[in-house]
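Visitor: Below are the structure tokens for one structure; questions will follow.
The values are calculated or read from the model by the stated rules, or taken from the named source; none is laboratory data. These figures come from a predicted structure and were not determined experimentally. Note: ideal-geometry Cβ built from the backbone for every residue, glycine included; neighbour counts use all protein chains shown.
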Amino acid sequence: MIELIHILVLFGLIITAALIVWQKDLIAAAVTFAAFSFLLSIEFYILQAPDVAIAEAAVGAGVSTAIFIIAIRATHNQEVT
Amino acid sequence: MSDCMSKIIRTTADIMFMFIVVFGFYIVLHGHLTPGGGFQGGAVIATGFILLIVAHKLDDFLGWFKKKAFQNFEMSGLILFIGTALAAIPLGYLFFMNFLSGAGGLFGQVVPYGVNPGFLNTAGTIPIMNIAVGIEVLGGLSIIILYMTSGISNHEEGE
């Protein structure tokens, strides 16, 4: 059972990491990065490092996403060709 | 950044703020028993404040919490940490000595032998230092985001 969850989390990590690059919308990319960080914290928990998992969930999914959203708000949306 | 986010996001942030802060203080207070501790709990509490900063207007947030309050949180956390470490010297112990452990009173309960569910009132000065680090990280991470947001507002007014 735990192996199945482990494999699902690893595939989810790869898929979300690819989606971060492929997203056109910057806010969507920031939210996808939060999802990637959440899956990474689950992976840390499966690998029996709950201390690192809590730090990753708080700093990776919370603080860095807020920093990205504030930075995206401060800039203008312009397509560079 | 004169506009705030939609009403759904603001209401959700208002409701989630209380639960996030209570969970963060739980992690800080149980730092010597369960995974987590001062930094992790402080980061979780700061996430709650950052959620309010992102969801609401900056002026509304500064009406509820002052910048000076976060500076005072950070300052008092550092003073409490180094004060707890230095308090061992006048009592005749070494620097950072765990002088409260096993002495009765505050966090001084002796841990019984064998398997136990974990007792909160143990471990001496370690919970006090966890609380100090938690308060300091709460102030520090919140004020980083607060000053970033203030910088954006000043930049847009200057344009």
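Visitor: Just one of the numbered conditions (1) at pLDDT 80 or above; (2) within 14 Å of chain A (Cβ to nearest Cβ) is not true of B:Gly158; which one?
Guide: It is condition (1) that B:Gly158 fails.
Visitor: What is the number of the single condition among (1) without any contact (Cβ under 8 Å) to a residue 24 or more places away in the chain; (2) within 21 Å of B:Thr47 (Cβ to Cβ) that A:Val31 does not meet?
Guide: With respect to (1) without any contact (Cβ under 8 Å) to a residue 24 or more places away in the chain; (2) within 21 Å of B:Thr47 (Cβ to Cβ), A:Val31 is out only on (1).
Visitor: If you check B:Ile126, B:Ile143, which single one turns out to be surrounded by 16 or more Cβ atoms within 10 Å (Cβ to Cβ) and closer than 30 Å to A:Arg73 by Cβ? Before you say what the answer is, go through the steps one by one.
Guide: Numbers: B:Ile126 fails: closer than 30 Å to A:Arg73 by Cβ.
Unique residue meeting the criteria: B:Ile143.
Visitor: Kindly state which helices (runs of 4 or more DSSP H) lie completely within segment B:1-100 and contain at least 3 residues that are within 30 Å of A:Pro50 (Cα to Cα) and at the interface with chain A (Cβ under 10 Å from one of its Cβ atoms).
Guide: Details: elements: B:7-29, B:38-55, B:58-64, B:67-86.
Where helices (runs of 4 or more DSSP H) fall fully within segment B:1-100 and carry at least 3 residues being within 30 Å of A:Pro50 (Cα to Cα) and at the interface with chain A (Cβ under 10 Å from one of its Cβ atoms), they are B:7-29, B:38-55.
Visitor: Scan segment A:42-81 residue by residue and report those that are more than 18 Å from A:Ala18 (Cα to Cα) and of a type in the set (Gly, Ala, Ser).
Guide: Once the filter is applied, which keeps residues that are more than 18 Å from A:Ala18 (Cα to Cα) and of a type in the set (Gly, Ala, Ser), segment A:42-81 yields A:Ala49, A:Ala53, A:Ala55, A:Ala57, A:Ala58, A:Gly62, A:Ser64, A:Ala66, A:Ala71, A:Ala74.
Visitor: Could we say that B:Phe96 is of a type in the set (Phe, Trp, Tyr) and within 29 Å of B:Ile50 (Cα to Cα) here? Spell out the reasoning first.
Guide: Working: of a type in the set (Phe, Trp, Tyr): yes; within 29 Å of B:Ile50 (Cα to Cα): no.
Answer is no for this residue.
Visitor: Would you confirm, using the coordinates I've provided, whether B:Gln71 is touching a helix residue (DSSP H, G or I) at 6+ places or on another chain (Cβ under 8 Å), farther than 30 Å from B:Ile8 by Cα and surrounded by fewer than 18 Cβ atoms within 10 Å (Cβ to Cβ)? Before the answer, list the steps.
Guide: Details: touching a helix residue (DSSP H, G or I) at 6+ places or on another chain (Cβ under 8 Å): yes; farther than 30 Å from B:Ile8 by Cα: yes; surrounded by fewer than 18 Cβ atoms within 10 Å (Cβ to Cβ): yes.
So B:Gln71 fits the description; yes.
Visitor: Considering only residues that are touching a residue at least 24 places away in the same chain (Cβ under 8 Å) and surrounded by 16 or more Cβ atoms within 10 Å (Cβ to Cβ), which ones fall in segment B:100-123?
Guide: Passing the criteria: B:Leu100, B:Ser101, B:Thr122, B:Ala123.
Visitor: What are the residues in segment A:54-81 that are of a type outside the set (A, V, I, L, M) and within 19 Å of B:Phe23 (Cα to Cα), if any? Explain how you work it out, then say what you get.
Guide: Restricting attention to segment A:54-81, the residues satisfying the condition of being of a type outside the set (A, V, I, L, M) are A:56, A:60, A:62, A:64-65, A:68, A:73, A:75-79, A:81.
The answer is A:Glu56, A:Gly60, A:Gly62.
Visitor: Is it fair to say B:Ile135 is assigned to a helix (DSSP H, G or I) and either aliphatic (A, V, I, L, M) or free of Cβ contacts under 8 Å to residues at least 24 places away in the same chain (or both)?
Guide: On the way: assigned to a helix (DSSP H, G or I): yes; either aliphatic (A, V, I, L, M) or free of Cβ contacts under 8 Å to residues at least 24 places away in the same chain (or both): yes.
Yes: the conditions hold for B:Ile135.
Visitor: Looking at B:Ile89, B:Ile82, which one is more than 23 Å from the chain's Cα centre (by Cα) and modelled with pLDDT of 85 or more? Don't jump to the end; show me each part of the working.
Guide: Working: B:Ile82 fails: more than 23 Å from the chain's Cα centre (by Cα).
None of the others qualify; the one that does is B:Ile89.
Visitor: Here's a check for you: in segment B:30-51, which residue that is of a type in the set (A, V, I, L, M, F, W, C) and crowded, with 17+ Cβ neighbours inside 10 Å is farthest from B:Gly134 (Cα to Cα)? Spell out the reasoning first.
Guide: So in segment B:30-51, the residues of a type in the set (A, V, I, L, M, F, W, C) come out as B:33, B:39, B:43-46, B:49-51.
Applying the additional criterion that residues be crowded, with 17+ Cβ neighbours inside 10 Å yields B:39, B:43-46, B:49-51.
Values: B:Phe39: 6, B:Ala43: 8, B:Val44: 9, B:Ile45: 9, B:Ala46: 10, B:Phe49: 14, B:Ile50: 16, B:Leu51: 18 Å.
Among those that are of a type in the set (A, V, I, L, M, F, W, C) and crowded, with 17+ Cβ neighbours inside 10 Å, it is B:Leu51.
Visitor: Given (1) out of contact with any helix residue (DSSP H, G or I) (no Cβ under 9 Å at 6 or more places or on another chain); (2) closer than 22 Å to A:Thr65 by Cβ, identify the lone condition not met by B:Met18.
Guide: (1)
Visitor: Hey, another quick one. Testing A:Ile5 on (1) at the interface with chain B (Cβ under 10 Å from one of its Cβ atoms); (2) in contact (Cβ under 8 Å) with a residue 40 or more places away in the chain, one condition comes back false. Which one is that?
Guide: A:Ile5 satisfies all of (1) at the interface with chain B (Cβ under 10 Å from one of its Cβ atoms); (2) in contact (Cβ under 8 Å) with a residue 40 or more places away in the chain except (1).
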